[in-house]
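Enquirer: Here's a structure for you.
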Amino acid sequence: MTLPFLEGMVYNGERELPPEANMNRSKLVQLCPLGRFFCESNRRYGMKGTFFGIGVGPGDPELLTVKAIRAMEKADVLIAPKTEKKDGSVALSIARPYLKKDIEIVYQVFPMVANFAESTKAWEENKAEILALLEAGKNVAFLTLGDPMFYSTYIYVYRLLEHEAVTIETIPGIPAFCAIGSKLGYPIVEGNDILSIIPATASPEKIAKILPVTDNAVLMKVYKNFPEIADMLSESGLAKDAVMVSRCGLPDEERIDDIEAQKDKKVNYLSTILTRRNA
């Protein structure tokens, strides 16, 4: 079937689309599975720049992948996420050794929301700023700690952009718990072990159900309720061989081996616990 708005085009892209095709970008996007030309059309007739989501790993700049570094070299603008309470960006400080001297750095504040459906005005403003940069033909890189698809602000940014006419490339990074396991010589899973990855911010009821039945566990985001988490690990028989590392790979990295004895300690936001039932 010939679609009127596609008449006159050449499949290999050597001829420009007729003007009326510009009014049918959504159709071009929908037709991407039909062939390479349509995918290219989404890129050429949608946003002019590419959006890169780059995982910079847990803290050590030497853990960035070659692919991540090459993507940063292509970027014209770098989006550095920051919190409402603090200046600067940890992700940016990790990536800084690899940045071009003339790269434009844009700081964006992303308010934390319990449910992404509760999108705030700030998120929409950030989205508009990113889309404007892409429309201007600039390649935009968004930096995020660890891996972009693992408890990351980038996931929410991705959801804001995935239905726009945007070329998105997501580049994985090393999660903190993987870096910790390798650095400490602490096997995370082996054989038929079952691993549970648990956000400590989940309800105590959920965590209490998981810990007694799992072989090994990774607990993220333990900064808010470390004492309670330490108690639950003890009750589940998982405290003895647990280790917590804060700010892995950063200059002020800290390790705590005796979780029970240190449970009243105030811990950093970037803190992760590894534990095994049979270490």
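Enquirer: Tell me, please, whether a residue that is in a loop (DSSP other than H, G, I, E, B), surrounded by fewer than 21 Cβ atoms within 10 Å (Cβ to Cβ) and of a type outside the set (S, T, N, Q) can be found in segment 175-182. Quick ask: steps written out before the conclusion?
Expert: Step one: of segment 175-182, the residues in a loop (DSSP other than H, G, I, E, B) are 175.
Now drop any that are not surrounded by fewer than 21 Cβ atoms within 10 Å (Cβ to Cβ), which leaves none.
Within segment 175-182 (the criterion being in a loop (DSSP other than H, G, I, E, B), surrounded by fewer than 21 Cβ atoms within 10 Å (Cβ to Cβ) and of a type outside the set (S, T, N, Q)), the answer is no, since none of the residues qualifies.
Enquirer: Looking at ALA202 and the list (1) part of a loop (DSSP other than H, G, I, E, B); (2) among the small types (Gly, Ala, Ser); (3) within 23 Å of GLY57 (Cβ to Cβ), which single condition is not satisfied?
Expert: Unmet condition: (3).
Enquirer: In this structure, is ILE155 closer than 17 Å to ALA80 by Cα, surrounded by 15 or more Cβ atoms within 10 Å (Cβ to Cβ) and free of Cβ contacts under 8 Å to residues at least 12 places away in the same chain? If you could, list the steps in order and put the result at the bottom.
Expert: Details: closer than 17 Å to ALA80 by Cα: yes; surrounded by 15 or more Cβ atoms within 10 Å (Cβ to Cβ): yes; free of Cβ contacts under 8 Å to residues at least 12 places away in the same chain: yes.
So ILE155 fits the description; yes.
Enquirer: Could you tell me how many of the residues in segment 181-232 are of a type outside the set (A, V, I, L, M, F, W, C) and in contact with a Pro (Cβ under 9 Å, 6 or more places away or on another chain)? It would help to see each step written out before you state the result.
Expert: The first filter runs over segment 181-232 and keeps only residues of a type outside the set (A, V, I, L, M, F, W, C), leaving 181-183, 185-187, 190-193, 196, 199, 201, 203-206, 209, 212, 214-216, 221, 223-225, 227-228, 231.
Within this subset, residues satisfying the condition of being in contact with a Pro (Cβ under 9 Å, 6 or more places away or on another chain) are 181, 193, 216, 221, 225, 228.
Residues in segment 181-232 being of a type outside the set (A, V, I, L, M, F, W, C) and in contact with a Pro (Cβ under 9 Å, 6 or more places away or on another chain): 6 in total.
Enquirer: Checking SER246 against (1) hydroxyl-bearing (Ser, Thr, Tyr); (2) more than 21 Å from the chain's Cα centre (by Cα); (3) crowded, with 17+ Cβ neighbours inside 10 Å: exactly one of these is not met. Which one?
Expert: It is condition (2) that SER246 fails.
Enquirer: So ALA261 fits all but one of (1) of a type in the set (A, V, I, L, M, F, W, C); (2) at pLDDT below 95; (3) within 25 Å of PRO61 (Cβ to Cβ); what number is the exception?
Expert: (3)
Enquirer: A further question on this structure: Of the residues that sit in segment 264-279 and are modelled with pLDDT of 95 or more and hydroxyl-bearing (Ser, Thr, Tyr), which one is surrounded by the most Cβ atoms within 10 Å (Cβ to Cβ)?
Expert: Out of the qualifying residues, it is THR275.
Enquirer: Just give me the residues in segment 58-110 being at pLDDT 95 or above, part of a helix (DSSP H, G or I) and aliphatic (A, V, I, L, M), in sequence order.
Expert: Of everything in segment 58-110, those that are at pLDDT 95 or above, part of a helix (DSSP H, G or I) and aliphatic (A, V, I, L, M) turn out to be LEU63, VAL66, ALA68, ILE69, ALA71, MET72, ILE94, ALA95.
The values are calculated or read from the model by the stated rules, or taken from the named source; none is laboratory data. Note that this is a predicted model, so its numbers are computed, not measured. Every residue, glycine as well, gets a Cβ built from its backbone with ideal geometry; the counts of neighbours run over all protein chains shown.
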